[in-house]
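Heads up: the structure comes next, in structure tokens.
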Amino acid sequence: MARFTAEAGSARLFWLRGGRLATGLVSLAVTLLGLLAFTFTLSHLSPVDPVLQIAGDHASESTYAQVRSELGLDQPLLMQFWHYLTHLAHGDLGISRLTNSPVASDLLRTFPATIELATCSMIFGAFFGIVLALVAAWKPGSLVDNLARLVSLLGYSVPVFWLGLLGLLLFYAVLHWSAGPGRLDDIWIYTLEPKTGLVLIDSWLSGDPEMFRNAVAHLWLPVVVLGLLAMAGITRLLRAALLEESSKEYVTLARAKGASRGRILLLHVFPNVRGTLITVLALSYATLLEGSVLTETVFAWPGVGRYMTTALFASDTPAILGSTLLIGGCFILLNALADALTYLTDPRTR
């Protein structure tokens, strides 16, 4: 009887987890579909006429009608959206009207630059954000704690594009500490063989130390500017979680037994906020992928953000939808990954 009860409990747990997984996948699909529908509708409200972009301002009525029919713009909006989803199901994101190339190829070419910038910024922001939050929680009310709150406030208040322009003015134009916009100087950019799409790795594999140093000189300033955004969020949320956890009874008991505040913080409090930390890191990385639009535009960084900005100004609907799908998909997948990791590492969430 006990064995039957245990087997029934295991089966119920299996179906419960399977149902939760299925619900999560359906939620992801519905969210992506809603994101696409919203972006598709907004792109059709643009005052820019895509037919005139292709046919020209002096095109005849017959030419205008022919181009409009070829683009499928003579059909109802719902039918246009259905055709787009049908092509999307076959991996076809359409042809960019700006580059006259498949959108998928453009994204494959630009996405590594965005990944490189966001990942390096995330490493910078996570390291200094976690260290600053730990020190602030170790000595609340101290000078370091006030500094942590100031960094959080500035990171959330100062626009990233203004900080980027200020950084270029100071470190590039005045101090000459940065190599300026772009990923490499012109002398290197045409000689580098793109193997991974990541300029740091490709320049390292080239065996040319001057090229690698030039890549680092171009990369560090946008990394710091974008990393400050992640650092502000990580410091603020992790500090609050650590202080809240430090107010619980087991911390008071450990202090009464003679344990030092630093030992309690590192060995007991910090592991208990790992769920919050995982969520904060995932959301921060997703925010960096999304927030790289303005940073890439300011620093002329040839990533998805700059590609999307150019497409928006040109009303290039296929490129806008493809970029939105890519960034939105990354955002949703990172959220799902954070939930899964929190579920696996924190028994309190099961």
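List of remarks:
- Taken together, SER121, SER105, SER96, SER157 contain a single residue that is hydroxyl-bearing (Ser, Thr, Tyr) and within 19 Å of ALA240 (Cβ to Cβ), which is SER157.
- Exclusive hit being more than 21 Å from ALA118 (Cβ to Cβ) and in contact (Cβ under 8 Å) with a residue 40 or more places away in the chain, set ALA148, ALA173: ALA148
- For ASP74, the test of being surrounded by fewer than 15 Cβ atoms within 10 Å (Cβ to Cβ) and acidic (Asp, Glu) is passed.
- Matching residues in the range 180-215 - criterion: being surrounded by fewer than 19 Cβ atoms within 10 Å (Cβ to Cβ) and outside any loop (DSSP other than H, G, I, E, B): ASP186, ILE187, ILE189, LEU200, ILE201, TRP204, LEU205, PRO209, GLU210, ARG213
- Criterion: hydrophobic (A, V, I, L, M, F, W, C) and open to solvent by less than 40 Å² (accessible area, probe 1.4 Å) - qualifying residue of VAL30, VAL67, VAL26: VAL67
- Flag for GLU296 being buried (at least 16 other Cβ atoms within 10 Å of the Cβ), within 27 Å of ALA340 (Cα to Cα) and of a type in the set (D, E, K, R): no
- Residue match in the range 314-324 (condition: in contact (Cβ under 8 Å) with a residue 40 or more places away in the chain and under 14 Å from the mean Cα position of the chain (by Cα)): yes
- Note on the range 139-160: residues that are more than 20 Å from LEU229 (Cβ to Cβ), open to solvent by 90 Å² or more (accessible area, probe 1.4 Å) and assigned to a helix (DSSP H, G or I) total 1.
- Only one of GLU249, GLU245 that is modelled with pLDDT of 85 or more and either at positive phi or open to solvent by less than 20 Å² (accessible area, probe 1.4 Å) (or both): GLU245
- For LEU42: the one exception among (1) open to solvent by less than 70 Å² (accessible area, probe 1.4 Å); (2) part of a helix (DSSP H, G or I): (1)
- Filtering the range 300-316 for residues that are basic (Lys, Arg) and surrounded by fewer than 20 Cβ atoms within 10 Å (Cβ to Cβ) leaves an empty set.
Here's the yes/no breakdown for (1) modelled with pLDDT of 75 or more; (2) among the hydrophobic types (A, V, I, L, M, F, W, C); (3) not in a helix (DSSP H, G or I):
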{"site": "SER10", "(1), (2), (3)": "no, no, no"}
{"site": "GLY24", "(1), (2), (3)": "no, no, no"}
{"site": "LEU32", "(1), (2), (3)": "yes, yes, no"}
{"site": "PHE38", "(1), (2), (3)": "yes, yes, no"}
{"site": "ILE54", "(1), (2), (3)": "no, yes, no"}
{"site": "ASP57", "(1), (2), (3)": "no, no, yes"}
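- The one condition in (1) modelled with pLDDT under 90; (2) over 30 Å from HIS176 (Cβ atoms); (3) open to solvent by 40 Å² or more (accessible area, probe 1.4 Å) that ALA240 fails to fulfil: (1)
- LEU163 vs. criteria more than 13 Å from LEU226 (Cα to Cα), part of a helix (DSSP H, G or I) and either out of contact with any Pro (no Cβ under 8 Å at 6 or more places or on another chain) or not hydrophobic (A, V, I, L, M, F, W, C) (or both): no
- Hits in the range 162-179 - residues which are crowded, with 16+ Cβ neighbours inside 10 Å and under 16 Å from LEU294 (Cα atoms): LEU163, GLY164, GLY167, LEU168
- Residue check, PRO222 in a loop (DSSP other than H, G, I, E, B), within 24 Å of ALA118 (Cβ to Cβ) and not charged (D, E, K, R): no
- LEU266, sole failed condition from (1) over 16 Å from LEU238 (Cα atoms); (2) open to solvent by 40 Å² or more (accessible area, probe 1.4 Å); (3) out of contact with any Asp or Glu (no Cβ under 9 Å at 6 or more places or on another chain): (1)
The values are calculated or read from the model by the stated rules, or taken from the named source; none is laboratory data. This is a predicted model, so every value here is computed, not measured. Positions of Cβ are backbone-derived with ideal geometry, glycine not excepted, and every protein chain shown enters the neighbour counts. SASA here: full protein model, heavy atoms, side chains in, ligands and nucleic acids out. Shrake-Rupley method; radii C 1.70, N 1.55, O 1.52, S 1.80 Å.
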